[in-house]
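Data first, discussion second: the structure below is written as structure tokens.
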Amino acid sequence: TPVQNQVLDLWSLFDFLMPGYLATQPIFKKQFERPVLLAAKLDRKRQAEAAKRKPPPAPGSREAREDAKIKKAGNDALKALGTQVL
């Protein structure tokens with residue numbers, strides 16, 4: 001497939017077809033790629049912990065707040081990207 005599980009591949013395709021549509025590569029990375037990759041990394045971490053039966057962070061704890069912040073940033077980036085592309 002053209003996009004091989006890399007967010008930046010989407011930017012490359014759009015930049016070829018419509019240069020500048022998704023901004024420059026550094027802006028795209030900051031706005032979309034980093035938040036999406038951080039959220040995905042957090043999901044993998046939580047799945048690994050669940051497999052080891054490690055309990056999730058306590059609600060209201062610093063770790064839980066950080067996790068929520070990372071997930072929200074990733075979801076917001078995906079929504080913004082979907083809105084812009086579609």
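The values are calculated or read from the model by the stated rules, or taken from the named source; none is laboratory data. What you are looking at is a predicted structure, and each value in this text was computed from that prediction instead of being measured. Cβ coordinates were reconstructed from backbone atoms using ideal geometry, including for glycine residues, and neighbour counts include every protein chain displayed. Ligands, DNA and RNA are excluded from the accessible area calculation, which covers all protein heavy atoms including side chains. Shrake-Rupley method; radii C 1.70, N 1.55, O 1.52, S 1.80 Å.
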- prompt: Which one of Leu22, Leu38, Leu10, Leu42 is touching a residue at least 12 places away in the same chain (Cβ under 8 Å) and not in a helix (DSSP H, G or I)?
  reply: Leu22
- request: Give region 45-82 a look and list any residue that's assigned to a helix (DSSP H, G or I) and of a type in the set (A, V, I, L, M, F, W, C), or say none.
  value: Ala48, Ala50, Ala51, Ala64, Ala68, Ile70, Ala73, Ala77, Leu78, Ala80, Leu81
query: Inside region 52-62, can you point out the residues that are closer than 28 Å to Glu33 by Cβ and either touching a Gly at 6+ places or on another chain (Cβ under 6 Å) or modelled with pLDDT under 90 (or both)?
result: Pro56, Pro57
query: With Ser12, Ser61 as the choices, which residue is hydroxyl-bearing (Ser, Thr, Tyr) and open to solvent by less than 40 Å² (accessible area, probe 1.4 Å)?
result: Ser61
query: Of all residues in region 16-52, how many are of a type in the set (D, E, K, R), farther than 14 Å from Ile70 by Cα and open to solvent by 50 Å² or more (accessible area, probe 1.4 Å)?
result: 2
task: Out of the residues in region 67-86 that are open to solvent by less than 40 Å² (accessible area, probe 1.4 Å) and either in contact (Cβ under 8 Å) with a residue 12 or more places away in the chain or touching a helix residue (DSSP H, G or I) at 6+ places or on another chain (Cβ under 9 Å) (or both), state the one that is farthest from Leu17 (Cα to Cα).
output: Asp67
field: Condition met for Leu8 (of a type outside the set (Ser, Thr, Tyr) and touching an Asp or Glu at 6+ places or on another chain (Cβ under 7 Å))
entry: yes
